[in-house]
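As structure tokens, the structure follows; a few thoughts come after it.
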Amino acid sequence: MKPSMLPTTVLIVEDTATTRLILRQGLTQAGYQVIATENGYQAILAFQQHSVDLVLLDVNMPVMDGFECCEALRHSEKGRHIPIIMLTGRDDHESINRAFELGASDFITKPINLRLLLQRVRYGLRDSCREQALLQSQAEQRRLIEQLSEAQAQLLQSEKLASIGLLAAGVAHEINNPLSCIKANMQTLKYYIDNLFTLQHSMSELLGQEQLQHQARQLEQTLEWAEIRQDSPELLQDVQEGIDRIQTIISGLINLSDTGNSITKNSTQLEEVIQEVLTPFDDMPLFQGTIQTHLCNPALEVNIDKADLLQILHSLLANAMDAAGPCANLDIITYREGQTGCVEIQDNGPGIPDKHLQRIFDPFFTTKPPGKGTGLGLSLVYQILKRAEGKIEACNRQEGGACFKVKLPLVSLN
């Protein structure tokens, strides 16, 4: 809707000079600002260059007639909702129907009754104001609905995490105690087996008699001692890795269950932490890709503990490398949005299937093969950011690959 302090502008499109003059004088005396043109082509140029509130459009004109001009105006973004009143000496139904089909708001036949025309102009502008107000109201409603949907999604995610967190805390507690016992016994068992191998080696050297050595070798073959000696370290290592993996899952479950506690917030320089988190990746022999950084200047001070930010960025970088493979090309971009510091991690992998986009932050959700992922990494990132009053978004890039965007509150200078 046009501010009340600005004059309402009417665009006249009329090829007859006398009629154009009469319309200009009548509208000017009524308080309107007037732009007058002679044909449809001039009208379109004037419409693009000026702010127009209503168009009075003659039908029969050279260069471009009123029907063509009306259709062109309606196809433009500015002219979609502008009132257009057609002026013509024709009063046949075919012309009237065609005018309305092409988007005319009203239709006046010549000779023109100026008083009637001014009434039609006022009504057209009033209806236009109502339509614009309705469009603004609809746009506001759509914005509120989007905000409500986002809030509902966040609430659902929070409730889901809270419910799973309570279950996870109980499961983690029940598993952790026997697991600690198993781990301690494994260390003792490894110590005993190492001593047995040492004893067997020493006994073999002490058995000097050939007959005793022969009997010892037969016993070793019967017990498959060589296979035991060869396989035992690998078996123990597999068991140890399994225990470590279970402990990692339990640690994740405990962190996931910590939904109600706030985290420590410190002033942390985002770009400095990014440089630090990249250091271990430089020494990875299997990674043959590239990591490009595009960092904000001046540096951004965000309100989160440094250790938490390191965990977030490390998890996202590891995920990006897993998705894009050993030859991944990754981009890390930082920038400011109002009072928020943003960091994007982009990869050139296959992207995220649409059906997974709404679930990737759910606990235990993973697309990796069994045994390759716990499905807790991104849910922990989501949980840490939630407690830090931050956000994370995931999307697919038009040029291919995925993008994770982290938003964190900037440190206030006051």
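For this structure, a couple of remarks:
- Remark: the Leu148-Gln398 segment gains 87.3 nm on full extension, using 0.36 nm per residue and subtracting the alpha carbon distance.
- Percent of alpha-carbon pairs separated by more than 16 Å within the range 9-112: 51 percent
- Using alpha carbons only: equivalent-ellipsoid semi-axes of the range 267-409, gyration tensor based, whole Å: 22, 18, 15
- Taking other C-beta atoms within 10 Å as the exposure proxy, His294, His93 rank His93, His294 from fewest upward.
- Förster-model FRET efficiency, 35 Å R0, Arg80 and Gln288, C-beta, rounded to 0.05: 0.10
- Pairs from Lys355/Lys405; Lys306/Lys405; Lys355/Lys407; Lys306/Lys407; Lys78/Lys110 whose Cα-Cα separation, in the structure shown, is over 22 Å: Lys355/Lys407; Lys78/Lys110
- Listed peptides 99-112, 305-318 appear in the order 305-318, 99-112 once ranked by packing, highest mean of other Cβ atoms within 10 Å at the front.
- Compared with the alpha-carbon gap, the fully stretched path from Ile22 to Leu295 is longer by 91.9 nm at 0.36 nm per residue.
- Here the peptides 75-83, 343-351 are ranked by packing, the mean other Cβ count within 10 Å, and the order with the highest first is 343-351, 75-83.
- At an R0 of 30 angstrom, the distance between the Cβ atoms of Cys327 and Glu276 translates into a FRET efficiency of 0.80.
- Cβ-based charge dipole, the range 267-409, positive-most Cα from Gln346, Ile332, Tyr382: Tyr382
- Per-residue Cβ neighbour rank within 10 angstrom, fewest leading, Cys296, Cys69: Cys296, Cys69
- Highest mean packing first, where packing is the average number of other Cβ atoms within 10 Å per residue, the peptides 391-403, 34-46 line up as 34-46, 391-403.
Rule-based calculations on the coordinates, nothing more; no lab input. Bear in mind the structure is a predicted one, so any value in this text is a computation, not a measurement. In this analysis, Cβ positions are derived from the backbone assuming ideal geometry, glycine residues included, and neighbour counts consider all displayed protein chains.
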